[in-house]
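Following: one structure in structure tokens, then a few remarks.
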Amino acid sequence: MMNSVFFDHATIDRWINEDAPFLDLTSHMLGIGAADAYIEFTIRHEGVAACTEEVNRILTHCGAQSIESKASGTQVQAGDVLLRGHGPAHAVLRAWKVGQNLLEYSCGVARQAARMYQKIQQHDPSMALLTTRKHAPGLRALALKSTICAGALPHRLGLSETVLVFPQHIALLGGWEALKKQLVTQKAGFAEKKVVIEAQNQEEALLAIEAGADVVQFDKATPAELQAWLPALRQQWPQGVFLAAGGIKLDNIEGYAHTGVDALVTSALHYAPPADIGVHIYPDA
């Protein structure tokens, strides 16, 4: 399951070549590349293993091999070895920093996602934690794998897969009535899609429902506001789905877990502190 996010060979090679496009000059000058060596990646705190499979592939592409590793999604403790490899020293050293950087980002994101997910589960096990596409370009696949292995799910992977109407779209159309007419016109084309419309308040939520929304996404509403709005909205629209997005972080997610929305949408976990990963390289005696 944790290998379900696809990384092609070219991507793995691009990561390696970004760090060592020609050779590892230090290893070459010291003349230590030919001897066999071991490498261990160790996490210095509790957390969740993430993207260890990709680090295995980095080792392989560099000419070494993985001996053992924790699968992505595994709960780990301080001092646990995430991955252990073996091969020629030049291969191990070339894979070292690329693998370490990858684990520090991915395990950091997974740790944050797991913490947020656990806080939701303690209060409302039916509520989902959804992640946005709001991250630095080029990180989507890594961010996706790191979050789903910790219990989160993708909210939106890109513009091509979902219909999500923002206030900017409504402004360009000319208002709510124009949106309603356009959605009616395009209804057949939306047959297999959910129409999500963003709302800033209860009044806009009602306009979104009237316009033909399948899902209403509240942007930057406070937990108190959501708790005040949801009972009446659910009474009027019992089949509706409600999301909360904007400003949801580890330190306030418990408040949102009490609001009664169906899912919380956040980008905060993409910017989690990196995991502390130690690397031990030693000769093959």
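The values are calculated or read from the model by the stated rules, or taken from the named source; none is laboratory data. Everything quoted here is computed from the prediction, not taken from an experiment. We place every Cβ from the backbone using ideal geometry, glycine too, and count neighbours over all the protein chains shown. To get the accessible areas, we keep the full protein, side chains included, count just its heavy atoms, and leave off ligands, DNA and RNA. Shrake-Rupley method; radii C 1.70, N 1.55, O 1.52, S 1.80 Å.
Couple of notes before you dig in:
- Considering (1) assigned to a loop (DSSP other than H, G, I, E, B); (2) closer than 30 Å to LEU103 by Cα; (3) modelled with pLDDT of 95 or more, the lone condition that GLY247 does not fulfil carries the number (3).
- Residue in segment 160-168 that is part of a loop (DSSP other than H, G, I, E, B), surrounded by fewer than 18 Cβ atoms within 10 Å (Cβ to Cβ) and free of Cβ contacts under 8 Å to residues at least 12 places away in the same chain present: yes
- Considered as a group, the residues in segment 36-64 that are open to solvent by less than 70 Å² (accessible area, probe 1.4 Å) and among the polar types (S, T, N, Q) include one that is nearest to ASP80 (Cα to Cα), and that residue is THR42.
- Within segment 186-197, none of the residues are under 20 Å from the mean Cα position of the chain (by Cα) and either modelled with pLDDT of 95 or more or not β-branched (Val, Ile, Thr) (or both).
- Residue check for VAL92: more than 22 Å from TYR271 (Cα to Cα) and in contact with a Gly (Cβ under 8 Å, 6 or more places away or on another chain): yes
- Inspection of segment 55-69 identifies no residue that is part of a loop (DSSP other than H, G, I, E, B) and under 25 Å from the mean Cα position of the chain (by Cα).
- Residue match in segment 118-137 (condition: at pLDDT below 95 and assigned to a strand (DSSP E or B)): yes
- Looking only at residues of segment 138-158 that are part of a helix (DSSP H, G or I) and among the hydrophobic types (A, V, I, L, M, F, W, C), we find that the one that is farthest from GLU46 (Cα to Cα) is ALA141.
Listed here are the residues, each with its yes/no results for (1) without any contact (Cβ under 8 Å) to a residue 24 or more places away in the chain; (2) not basic (Lys, Arg).
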{"site": "ALA199", "(1), (2)": "yes, yes"}
{"site": "LEU206", "(1), (2)": "no, yes"}
{"site": "VAL215", "(1), (2)": "no, yes"}
{"site": "LYS220", "(1), (2)": "no, no"}
{"site": "LEU226", "(1), (2)": "no, yes"}
{"site": "ALA244", "(1), (2)": "no, yes"}
{"site": "ALA257", "(1), (2)": "no, yes"}
{"site": "VAL265", "(1), (2)": "no, yes"}
{"site": "LEU269", "(1), (2)": "no, yes"}
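- The single condition among (1) among the hydroxyl-bearing types (Ser, Thr, Tyr); (2) out of contact with any helix residue (DSSP H, G or I) (no Cβ under 9 Å at 6 or more places or on another chain); (3) under 17 Å from MET127 (Cβ atoms) that THR185 does not meet is (3).
- In segment 245-264, residue surrounded by the most Cβ atoms within 10 Å (Cβ to Cβ) [restricted to those that are over 15 Å from GLN118 (Cα atoms) and of a type in the set (Val, Ile, Thr)]: VAL261
- Test: VAL184 is over 22 Å from ALA128 (Cα atoms) and touching a Gly at 6+ places or on another chain (Cβ under 8 Å): yes
- Residue in segment 83-99 that is in a helix (DSSP H, G or I), open to solvent by less than 10 Å² (accessible area, probe 1.4 Å) and within 17 Å of ASP276 (Cα to Cα) present: yes
- Total residues in segment 105-129, condition open to solvent by less than 30 Å² (accessible area, probe 1.4 Å) and within 22 Å of PHE7 (Cα to Cα): 6
- Scan segment 10-35 for residues that are of a type in the set (D, E, K, R) and open to solvent by less than 60 Å² (accessible area, probe 1.4 Å) and the total you get is 1.
- Of all residues in segment 220-244 being aliphatic (A, V, I, L, M) and assigned to a strand (DSSP E or B), the one that is surrounded by the most Cβ atoms within 10 Å (Cβ to Cβ): ALA244
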